[in-house]
Amino acid sequence: MVQIINVNAYSVASLPLIPRAHGNSLASATGFVVRHNQEAYLVTNWHVVAGRDPRTGQSKDKTGAVPDTLTATFTRKLAPAQLEWIDVDLKLSDDEGVPIWLEHPRHGRRVDVVALKLEPDSARQLLPYKLTADTQTKLEVARRLNIIGFPFGMASSGACAIWLQGYVASDPEIDYDDLPCFLIDARTRQGQSGSPVISYYHGGETVPLIDGDWQEGPEPVAELQGVYSGRINEESDIGIVWKREVIQEIIESRVRGNNDFMGG
């Protein structure tokens, strides 16, 4: 249990993830929860749960191992000044070995995002993101965004995520590489794959809205903008953000995943 006086809700909405093969840790990553039609889903990257590069099919692990379970750290107790966490091992496939995650209905693994349905469990507290924002902020080139995750598997305290800022690097209205994503300029590192990318304005800041208006108020304004999935190459600080709408498309399509690169 960690004693905390004041913590931002979004710092505990991101979940540390560890993909495992036969109990052995393969890497570290990040995920977060969304709720859709009263059901909760864990969202992260395809390459995290499949353990493969979505473009080449090669294993991300040098031994060639691919994950069979995913350990996620959930908040178990949220009291006025205390936080407690619990590790939960999530299955990635059914008894026949077929993946149980959902992936994009049209692009499949080319959209590096998956949703894994979470069964009800009173022991873990879910802090889900909304797929439809109360206040739609304007997203355009050079806008500041926040990537909230766990670089190198590190947390600020307990399982509180680390915030990293970046700037929109390509026009969000134009799909990068003909896929539903845009680019961000941010100094991210291993372990932040699957992080939520949000617009966040502190109370008192002027917030640009999508309708061209501006809003200013005493409360912070936050909006989920997408899912981070890594840099375009190892030599660049330019990374990829999958747009928020792909999450809803994945959940509503109910298309089961495929971890056999020669299939689907």
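The values are calculated or read from the model by the stated rules, or taken from the named source; none is laboratory data. For clarity, every value in this text was computed on a predicted model and none was experimentally measured. In this analysis, Cβ positions are derived from the backbone assuming ideal geometry, glycine residues included, and neighbour counts consider all displayed protein chains. Ligands, DNA and RNA are stripped out before the accessible areas are found, and what is left, the full protein with its side chains, is counted by its heavy atoms. Shrake-Rupley method; radii C 1.70, N 1.55, O 1.52, S 1.80 Å.
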**OP:** Provide a single number: the residues in the range 27-66 that are within 23 Å of ARG189 (Cβ to Cβ) and more than 18 Å from the chain's Cα centre (by Cα).
**Re:** 10
Subject >> Every residue from the range 159-175 that is crowded, with 19+ Cβ neighbours inside 10 Å, not aliphatic (A, V, I, L, M) and not in a strand (DSSP E or B) >> reply: CYS160, PRO172
Subject >> Index of the failed condition, GLY51 passing every other in (1) surrounded by fewer than 20 Cβ atoms within 10 Å (Cβ to Cβ); (2) touching a residue at least 12 places away in the same chain (Cβ under 8 Å); (3) at positive phi >> reply: (1)
**OP:** List the number of the failed condition for SER156; all other conditions in (1) open to solvent by less than 50 Å² (accessible area, probe 1.4 Å); (2) touching a Ser or Thr at 6+ places or on another chain (Cβ under 9 Å); (3) farther than 19 Å from GLU245 by Cβ; (4) assigned to a loop (DSSP other than H, G, I, E, B) hold.
**Re:** (1)
**OP:** Go through the range 230-264 and count every residue that is closer than 15 Å to ALA115 by Cβ and touching a Gly at 6+ places or on another chain (Cβ under 7 Å).
**Re:** 4
**OP:** Identify the residue in the range 8-66 that is in contact with a Cys (Cβ under 9 Å, 6 or more places away or on another chain) and outside any strand (DSSP E or B) and, among all such residues, is farthest from GLY158 (Cα to Cα).
**Re:** ASN8
Subject >> Subset of the range 57-77 that is open to solvent by 20 Å² or more (accessible area, probe 1.4 Å) and in contact (Cβ under 8 Å) with a residue 60 or more places away in the chain - its residue that is nearest to ASN233 (Cα to Cα) >> reply: VAL66
**OP:** Output the qualifying pairs, or none if there are none: Cβ atoms under 7 angstrom, residues six or more apart or on different chains, first residue in the range 212-236 and more than 24 Å from SER195 (Cα to Cα), second residue among the polar types (S, T, N, Q) and open to solvent by less than 60 Å² (accessible area, probe 1.4 Å).
**Re:** GLN215/THR135
Subject >> Residues within the range 176-192 that are more than 15 Å from the chain's Cα centre (by Cα) and at positive phi, tallied >> reply: 2
**OP:** Please specify each residue of the range 155-173 satisfying the condition of being within 16 Å of the chain's Cα centre (by Cα) and free of Cβ contacts under 8 Å to residues at least 40 places away in the same chain.
**Re:** ILE162, LEU164, GLN165
**OP:** Within the range 78-111, work out how many residues are hydrophobic (A, V, I, L, M, F, W, C), exposed (fewer than 14 other Cβ atoms within 10 Å of the Cβ) and not in a loop (DSSP other than H, G, I, E, B).
**Re:** 1
